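**Student:** Just passing along the structure, written as structure tokens.
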Amino acid sequence: MTLQHLAVSGYRSLRDVVIPLHRLTLITGANGSGKSNLFRSLKLIVAAARGDLMGCLAREGGLPAVMWAGPETLSRGMRSGDAPIQGGPRAKPVRLRLGFAADPFSYAVELGYPQERRTAFALDPERKGEWIWAGSPFHPRALLCSDSGERDPDRGLFQLGVDPQERPEVLLLREQILSWRFYDSFRTDPEAPARCPVVGTRCFALAADGRDLPAAVQTILESGDGEAFLAAVDDAFPGAHVSVNHGDGLFRLQFHQPGLLRPLQSAELSDGTLRYLLLTAALFSPRLPPLMVLNEPEGSLHPDLLLPLARLIRSCSQRTQVWVIAHSPRLIEALSGGDDCHRVHLVRELGSTEIPEQTMLERSAWRWPS
């Protein structure tokens, strides 16, 4: 499944955005422009597939804390400063909407406040609608299944016990969404999980916190492209290589450097070296997900490592869809230098995340179900 657009409306600074997604998509922008909100919105879609959307919103502070806090529309006068920023009579209900267009199936969910206000839970989010349709642009004739939330407001379309014989697309789409992988700020402190030995079990995908790094590396060496993995390590650290000690059943990562008489253990590695090895293991996973999201992978890396990292990311995007959120000018330049990378630059205008260079034609590629 290849995602073509991510659409978010009413979530934090994302008043109404449509993000085009390519094989390699690079999201840039200043602090506060909305990059992290895009990252969170994708994870909310995963939570919907997992059945934990309401819980995730509660952990973010509830619906009032995550809803767009500005006026329903930003008029030309507000944008120019000629008119005050203020609310007015609403033309539409208050809604939080998340969705994506993909091939072969697309998805959207809409949340709002419950109609019944005479309860202590009047601020609980309520599912107003959920849709799955075939193809990318929505059309009523392409609708495969939908749910208004009336049957069970707490359980979504993916949890309503759909018959796999009648609606296999629901189970297939759920499986695809749950296999998306997110890597965000690997821990590299002295107590980081990646610095500890692990019991040796095959690991075809690195965990989000990197706790199974030694097992992931050994799996790559045995069942993946081990030669390319070692070449990537040598590209970043000339003359160095990694191995895994597994003599006693516990797997320990070892880093061999020229001039040293013994390999370094994970606990001895610098933060930047460990983070780079974690990213390399993630990008060389033998079973890549349909979508891999890297949130600011350049953190704690020396500038000399950013060009090898860019080469790794570009190579991975030839095998799966990759979304990178980056701040580093050097990494941004290295990634956006070719035709295979689509860069989306975000700005913040009157509290709202905007894409200045986006055309109306590009925005119209997405249509919300109703």
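**Student:** Checking residue 333 against (1) open to solvent by less than 60 Å² (accessible area, probe 1.4 Å); (2) under 25 Å from residue 182 (Cβ atoms); (3) of a type outside the set (Ser, Thr, Tyr), which single condition isn't satisfied?
**Tutor:** Unmet for residue 333, out of (1) open to solvent by less than 60 Å² (accessible area, probe 1.4 Å); (2) under 25 Å from residue 182 (Cβ atoms); (3) of a type outside the set (Ser, Thr, Tyr): (1).
**Student:** Can you give me the number of residues within region 250-290 that are of a type in the set (Phe, Trp, Tyr) and open to solvent by 10 Å² or more (accessible area, probe 1.4 Å)?
**Tutor:** Adding up the residues that qualify gives 2.
**Student:** May I ask you to list pairs of residues, at least six apart or on different chains, whose Cβ atoms are under 6 Å apart, with the first in region 14-38 being under 17 Å from residue 356 (Cβ atoms) and the second being among the aliphatic types (A, V, I, L, M) and surrounded by fewer than 18 Cβ atoms within 10 Å (Cβ to Cβ)?
**Tutor:** Once the first residue is under 17 Å from residue 356 (Cβ atoms) and sits in region 14-38, its partners that are among the aliphatic types (A, V, I, L, M) and surrounded by fewer than 18 Cβ atoms within 10 Å (Cβ to Cβ) give 33/347.
**Student:** Select from region 174-193 the residues that are farther than 30 Å from residue 145 by Cα and either in contact with a Cys (Cβ under 6 Å, 6 or more places away or on another chain) or in a loop (DSSP other than H, G, I, E, B) (or both) and list them in ascending order.
**Tutor:** 185, 186, 187, 188, 189, 190, 191, 192
**Student:** Another one. Step by step: first the residues of region 89-108, then only those that are open to solvent by 50 Å² or more (accessible area, probe 1.4 Å) and more than 15 Å from residue 14 (Cβ to Cβ), then the one that is modelled with the lowest pLDDT. Which residue is that?
**Tutor:** Of everything passing the filter in region 89-108, 89 is modelled with the lowest pLDDT.
**Student:** Between a residue in region 348-367 that is open to solvent by 90 Å² or more (accessible area, probe 1.4 Å) and any residue that is part of a loop (DSSP other than H, G, I, E, B) and hydroxyl-bearing (Ser, Thr, Tyr), which pairs come within a Cβ distance under 9 Å, given they are 6 or more apart or on different chains?
**Tutor:** That search, which allows pairs on different chains as well, returns 348/13; 348/33.
**Student:** Separate question: Filter region 313-324 down to residues that are not charged (D, E, K, R) and not in a helix (DSSP H, G or I) and give me whichever is most open to solvent (accessible area, probe 1.4 Å).
**Tutor:** My answer is 318.
**Student:** What's the total number of residues in region 291-305 that are open to solvent by 30 Å² or more (accessible area, probe 1.4 Å) and either among the acidic types (Asp, Glu) or farther than 20 Å from residue 334 by Cα (or both)?
**Tutor:** Within region 291-305, residues that are open to solvent by 30 Å² or more (accessible area, probe 1.4 Å) and either among the acidic types (Asp, Glu) or farther than 20 Å from residue 334 by Cα (or both) number 2.
**Student:** Go through region 109-143 and count every residue that is at pLDDT 90 or above, more than 20 Å from residue 40 (Cα to Cα) and of a type in the set (Val, Ile, Thr).
**Tutor:** 1
**Student:** Condition first: surrounded by fewer than 12 Cβ atoms within 10 Å (Cβ to Cβ) and within 22 Å of residue 87 (Cα to Cα). Now tell me which residues in region 51-68 satisfy that.
**Tutor:** Passing the criteria: only 64.
**Student:** Would you check if there is a residue in region 202-220 being polar (S, T, N, Q) and either open to solvent by less than 50 Å² (accessible area, probe 1.4 Å) or free of Cβ contacts under 8 Å to residues at least 24 places away in the same chain (or both)? Before the answer, list the steps.
**Tutor:** To start, the set of residues in region 202-220 that are polar (S, T, N, Q) comprises 218-219.
Of the ones still in play, those that are also either open to solvent by less than 50 Å² (accessible area, probe 1.4 Å) or free of Cβ contacts under 8 Å to residues at least 24 places away in the same chain (or both) are 218-219.
So far as region 202-220 goes, yes, one or more of its residues are polar (S, T, N, Q) and either open to solvent by less than 50 Å² (accessible area, probe 1.4 Å) or free of Cβ contacts under 8 Å to residues at least 24 places away in the same chain (or both).
**Student:** Being open to solvent by 50 Å² or more (accessible area, probe 1.4 Å) and of a type in the set (Val, Ile, Thr) is the filter; apply it to region 192-201 and report the residue that is nearest to the chain's Cα centre (by Cα).
**Tutor:** Taking the candidates together, the pick is 201.
The values are calculated or read from the model by the stated rules, or taken from the named source; none is laboratory data. For clarity, every value in this text was computed on a predicted model and none was experimentally measured. Glycine gets a Cβ as well: all are built from the backbone with ideal geometry, and neighbour counts include every protein chain shown. Side chains included, ligands, DNA and RNA excluded: accessible areas come from the protein's heavy atoms. Shrake-Rupley method; radii C 1.70, N 1.55, O 1.52, S 1.80 Å.
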